[in-house]
Amino acid sequence: MLEAERNLTVSDLAEILATQHQLGEKDVIMRQLRYFTAERLLETVGPIHTGSGRSRLYSESALIKAVVLLRLFQSGATVGLMKEYISALQKFTVRVFKTKDLRVACRGLQKPTIFLILPDLRHKIGVAGRLIEWDYAVASIKPNIDFIAIQIARFL
């Protein structure tokens, strides 16, 4: 049986990402998370616009997606490209793991890693996202394909 997730505020998420994982300054991360939410890249539990004095809440699973979005943002990806990667990753996890929840999908993997395959017109490859084990990916992804790898195990 799956353990119940607790909900996190944007401040909670930013605190975890800034202090435990050192992905930047908390205030900057909070602004970026709010931006990702406004762009519908990061889902909340309940309404996005909660009103004055009420916090937006995120599931614990939002942490992994927030990491992916922050890494893409830090590498200069546009919102449009981020949406394509998140969509591709979500389609892959639904097809392979039968869930949209990246945390649940990671449970069966020893070294869960997200591979974001860069578009390549030479090989007719569009934007792609995969959640697979590191060793399997290194052995199976063609050597002439460029990708971004995010090791998720440390965020679980």
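Every read-out reported here was derived from the displayed coordinates using simple, explicitly stated rules and does not represent laboratory data. Because the structure is predicted, anything quoted here is derived from the model rather than measured. Virtual Cβ from ideal backbone geometry, glycine too; neighbours counted across all protein chains shown.
At 0.692 mPa s and 37 °C, plugging the Kirkwood radius over alpha-carbon pairs of the stretch 83-156 into Stokes-Einstein gives what diffusion coefficient in µm²/s?
Values: Rh = 12.5 Å.
The diffusion coefficient I find is 262 µm²/s.
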*Amide H contacts under 5 Å for Val45, placed H, 5+ residues apart*: Leu57, Tyr58, Ser59
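If Lys and Arg each add +1 and Asp and Glu each add -1, what is the summed charge of the other residues whose beta carbon sits under 12 Å from the beta carbon of Glu15? Could the numbers behind the result be given before it?
Values: positive: Lys26; negative: Asp12, Glu25, Asp27.
Spelling it out: positives minus negatives among the neighbours equals -2.
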*Could you check the simple spin-label distance between Tyr35 and Lys91, using points 7 Å along Cα→Cβ, in nm with one decimal?*
2.6 nm
*Rank the residues Val28, Val68 as a footprinting-exposure proxy: fewest other Cβ atoms within 10 Å of their Cβ go first.*
Val28, Val68
*asked:* Under 19 Å from a point placed 7 Å out from the Cα of Asp12 along the Cα-to-Cβ direction: which residues of the stretch 25-47 have their backbone N that close?
replied: 26-27, 29-38, 42-47
*Where the Cα atoms of the chain are projected onto their three principal axes, how long is each span, largest first, in whole Å?*
51, 38, 27
*To the nearest 500 deg cm²/dmol, what mean residue ellipticity at 222 nm is calculated for the chain from DSSP H runs of n ≥ 4 alone, each contributing -39,500 (n - 2.57), summed and divided by the residues?*
-12000 deg cm²/dmol
_For Cα pairs less than 8 Å apart in space and 6+ apart in sequence, what is the mean separation divided by the residue count of the chain, i.e. the relative contact order in percent?_
18 percent
*Name the lysines eligible as straight-distance cross-link partners of Lys26: C-alpha to C-alpha under 26 Å, and not fewer than 8 places from it in the same chain.*
Lys65, Lys83
*Give me Ser55, Ser61 ranked fewest to most by other Cβ atoms within 10 Å of their Cβ, as a rough exposure proxy.*
Ser55, Ser61
*With θ set to phi - 60° and the Karplus curve 6.51 cos²θ - 1.76 cosθ + 1.60, what are the ³J(HN,Hα) couplings of the stretch 86-92 in order, to the nearest whole Hz, using x for Gly and Pro?*
5, 4, 5, 5, 5, 4, 5
